[in-house]
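Peer 1: Following this message is one structure expressed as C-alpha cells.
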Amino acid sequence: LATTLWRGSPSGLGAWGGLASRVAALTGWRRMAAALLLGALATLALPPLGLLPVLLPSLCGLVWLLEGARSRRAAFAIGWAWAWAWYAIGFYWIGNAMLVDPDRFAWMIPFATLGLGGVQAVFIGLATLATHLSRTGGVARVLVLAGAWTVMEWVRAWFLTGFPWNPLGSVWDAVPQVLQLAALAGVYGLCALTVLVFALPAALADFLPRRQRGLTMAAVVALLAGAFVFGQARLSAHPTEAVPGVRLRLVQAAIAQRHMWRDDLRQDQLLDHVEMSRGPGAEQITHVIWPETAAPFFLDLDQPSRALVAAAAPPGGLVLTGAPRITPQGVEPLKLWNSLMAVDGAGRIVGLYDKVHLVPFGEYVPLRGLLPIAKLTAGGTDFSAGAGLRTLDIPGLPPVGPFICYEAIFPGEVVGRDQKRPDWLLTVTNDGWFGKSAGPHQHLAAGRMRAVEEGLPLVRAANTGISAIIDPVGREMQRLDLGRRGVVDGDLPRPVPPTLYGRWGNAVPLSVAGLLLLLGIFGRFMRTPSN
C-alpha cells in the first residue's frame, strides 16, 4: 500500500482512489450495511484478539462513507451504524448474565446487547455529524473526526451515569509500548491517536499533491514510531519494584454464578475461601484478598460469619473481601450496599468501602416505579450507592484506591474529592456472570489502562478470573486465567511518580481534542485547489 501511494503519478492512487469513490457513492441501505460491516470488522481489534490492522479498512471506510453523506441525517446514521456494530458485538457477553436465570431474564438479551449498543452509538453518530457540519475534507476531515470522537467518548463516560466500556483507545492494550501514552493523555488521548493513525490514509484517496501525500504518510509513521519509542523508554525507565514486607494472596475459587447465593451452599463457599487462603505457602502471606461478594453474608452484623473470615487472616495481617452490607434491623429506611471490608484476625472490620458506581438493572432498577423489571442480583431490594470514592488506610498496607466490579472502567475517577492519592489500586469483581467470554478480558484491559494512566499498580481479584497483579506501567507480574481455580501469590509493586494524566486528568485529552478540532477547521481554509 505504501509503495503504491508513493508513486509520483496520481495514477498510482487509482486503486485506492477508486475504492474510496465506490464507498463514498453508496447510498440508502447499501451505505448502512457498509457502515455496519465496517464497525463489525473493527471489533476484531478489541481484547482479547487485538487485531489492530483491521482498523485501517474500517476507519478509512468510515471516512469515505462520511465523505459521501449529503445530509445531516446521513452523516449521523453512518457513524451510528458503525458504532452500533462496534458496541453491540463488543457487548455480546452481557447476554451471558441473563442466562444465569434464563426463565426470568433471557428475554432481556436483545435489549442488553443490541439496545445498549444502539444507545451508546448515538455518541459516535454525533461525532460524525459534527465532522459533516465542519464542511472539511481530506486531512482536515480526519482531524475534526479525531477531535469530535474524543470529546464524545468523554461525554459517554458520564452522561446518564455513563458506561465507558470499550472506548476506541482500548485497542492498544495489545501493544504495551503504545499503551504508555495513556500516562500522558489517558484512554481518550489514545482514542484520538487511533483515529489519526488508521483514518489519515483515507485522505490519500483525494489525490493530494506528492508533497502533501508524503507529509500525510510521514505523520502516520511519526505518530506510531513516536508512541512506540516513548513507550519503550518509559517501560525501561520503570522496572518493577516491590513494597517491602507485603506479600499478597488472591483467592480465585471459580464458583459458578448460579450457585453463588444458594442458601444451602453459602456456608461451604465461605469455608472454601478460608481453606484456599490457608493452603500451601500461607506462612509467607501478609494479606489475603477475596473477590466481590466472596463472603455472601452481612459481615457487619453476622459475627459467626465474620469470625470465619477472620480465620483466613495471616498472623498480624488481614483479609480484604467483598461482602454485602445492610442497615441494622429496625433502622429505616432499609438500605443495602455492595462493599469491600478489611477484616483482621480478631474479627474486627478495620476498613470499609461502599461501591459508588452501581450497575443499572444489575444492582438497581432505574425508574423502578415505571419499569416492572427485577434486578439481576439476588433479592428484591436495590443496592444504594456509597458516599464517594475513598482512599483506604488499612493496617500493614500502603493507602489503596478500591474499585468494586465495573468501577474500574471509569477514566479519571480514581481519587475521590478531598482524598489523598493512593499508592495502589484494588479491584474486586465477580466476572462469573459473563462466563468464558470476551467480557472478563475487556474488564482486565480497562483495569490495566487505569494503572498506566495513573502510574499505580493494580491488584485484581476475580471469582472466576482473571485475577492478576499488574505493575504501574501495565506489566502483568502474576496472573490466573479465566475459569481456573487457585490462588495468586505475589508482591505488591510500588507506584511510579504521578503521571501527567494523573495530575491533570481529562483536561489533557480534551485539550488535545480541542487542538485537533481547531487544526481541522483551520485546514478547511488552507485546502489547495486540487482538493
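The values are calculated or read from the model by the stated rules, or taken from the named source; none is laboratory data. As the structure is a computational prediction, the values presented were derived from the model and not from experiment. Reconstructed Cβ throughout: ideal geometry from the backbone, glycine too, with neighbour counts over all protein chains shown. Ligands, DNA and RNA are stripped out before the accessible areas are found, and what is left, the full protein with its side chains, is counted by its heavy atoms. Shrake-Rupley method; radii C 1.70, N 1.55, O 1.52, S 1.80 Å.
Peer 1: Mean shadow of segment 163-274, computed from the convex hull of its alpha carbons, in nm²?
Peer 2: Projected over every direction and averaged, the Cα hull of segment 163-274 covers 12.3 nm².
Peer 1: Can you tell me which of 19-26, 331-338 comes out highest on packing, and rank the rest after it, using the mean Cβ neighbours within 10 Å?
Peer 2: Descending mean neighbour count gives 19-26, 331-338.
Peer 1: Which one, Pro239, Thr391, Gly505, projects farthest toward the positive side of the charge dipole computed for the chain from Cβ point charges (K/R +1, D/E -1)?
Peer 2: Gly505
Peer 1: Let me ask something else. For the chain, give me the percentage of DSSP beta bridges that are antiparallel, rounded to the nearest 5 percent.
Peer 2: 65
Peer 1: Report which label in (i) 80, 54, 39; (ii) 79, 51, 51; (iii) 78, 58, 54 holds the value of Cα extents along the principal axes in Å derived from the coordinates of this structure.
Peer 2: Given (i) 80, 54, 39; (ii) 79, 51, 51; (iii) 78, 58, 54, the calculated one carries the label (i).
Peer 1: Using amide H atoms built in the peptide plane, which far-off residues or other-chain residues are under 5 Å from Leu426 H to H?
Peer 2: Gly401, Phe403, Val459
Peer 1: Another question about this same structure. Work out from phi, with θ = phi - 60° and the Karplus expression 6.51 cos²θ - 1.76 cosθ + 1.60, the ³J(HN,Hα) of each residue of segment 440-450, listed in order in whole Hz, and give x for Gly and Pro.
Peer 2: x, 5, 5, 5, 4, 4, 5, x, 4, 4, 4
Peer 1: So, one more: Where the accessible area of the chain is counted over protein heavy atoms with a 1.4 Å probe, how much of it, in %, is carbon and sulfur?
Peer 2: Answer for the chain: carbon and sulfur cover 63 percent of the accessible area.
Peer 1: Quick one: which of 243-254, 81-92, 261-272 comes out on top by average Cβ neighbours within 10 Å, and what's the full order, highest first?
Peer 2: Going by the mean number of other Cβ atoms within 10 Å, highest first, we get 81-92, 243-254, 261-272.
Peer 1: Next question. So for the chain, taking the charge dipole from beta-carbon charges (+1 Lys/Arg, -1 Asp/Glu), which of Phe76, Leu480, Pro176 sits furthest toward the positive end?
Peer 2: Comparing the listed Cα positions along the dipole, Phe76 ranks first.
Peer 1: A further question follows. So what J values fall out for segment 41-56 if you push phi through Karplus, 6.51 cos²θ - 1.76 cosθ + 1.60 with θ = phi - 60°, rounded to Hz, Gly and Pro as x?
Peer 2: Ordered by residue, 3J(HN,Hα) equals 4, 5, 5, 5, 7, 6, x, x, 6, x, 8, 4, x, 5, 6, 5 Hz.
Peer 1: How would you order 212-222, 306-316, 425-435 from highest to lowest mean count of nearby Cβ atoms within 10 Å?
Peer 2: Put in order of decreasing packing, that is 425-435, 306-316, 212-222.
Peer 1: Ok, one more. Considering Cα pairs under 8 angstrom that are at least six residues apart, work out the relative contact order of the chain and quote it in whole percent.
Peer 2: Worked out over the chain, it gives 17 percent.
Peer 1: Follow-up. Excluding Pro422 itself, calculate the net charge of residues whose Cβ lies under 13 Å from the Cβ of Pro422, where each Lys or Arg counts +1 and each Asp or Glu counts -1.
Peer 2: Value of the local net charge: +1.
Peer 1: How large is ³J(HN,Hα), in whole Hz, for each residue of segment 171-185 in order, when computed from phi with the Karplus curve 6.51 cos²θ - 1.76 cosθ + 1.60 and θ = phi - 60°, using x for Gly and Pro?
Peer 2: Those phi angles translate into 5, 7, 4, 6, 10, x, 5, 5, 4, 5, 4, 4, 5, 9, 10 Hz.
Peer 1: Mind listing the long-range amide H neighbours of Ala242? Cut-off is under 5 Å, sequence gap 5 or more, other chains count too, H placed in the peptide plane at 1.01 Å from N.
Peer 2: Placed amide hydrogens put Arg494 under 5 Å from Ala242.
Peer 1: On average, how much accessible surface per residue is there in segment 196-328, in Å², for a 1.4 Å probe, leaving out ligands, DNA and RNA?
Peer 2: Ligands and nucleic acids excluded, the result is 43 Å² per residue.
Peer 1: Okay, moving on. Multiply the residue separation of Val221 and Ala233 by 0.36 nm, subtract the distance between their alpha-carbon atoms, and state the gained length in nm to one decimal.
Peer 2: 2.5 nm
Peer 1: For every helix of n ≥ 4 consecutive DSSP H residues, a contribution of -39,500 (n - 2.57) applies; sum these over the chain, divide by its total residues, and give [θ] at 222 nm rounded to the nearest 500 deg cm²/dmol.
Peer 2: -13000 deg cm²/dmol
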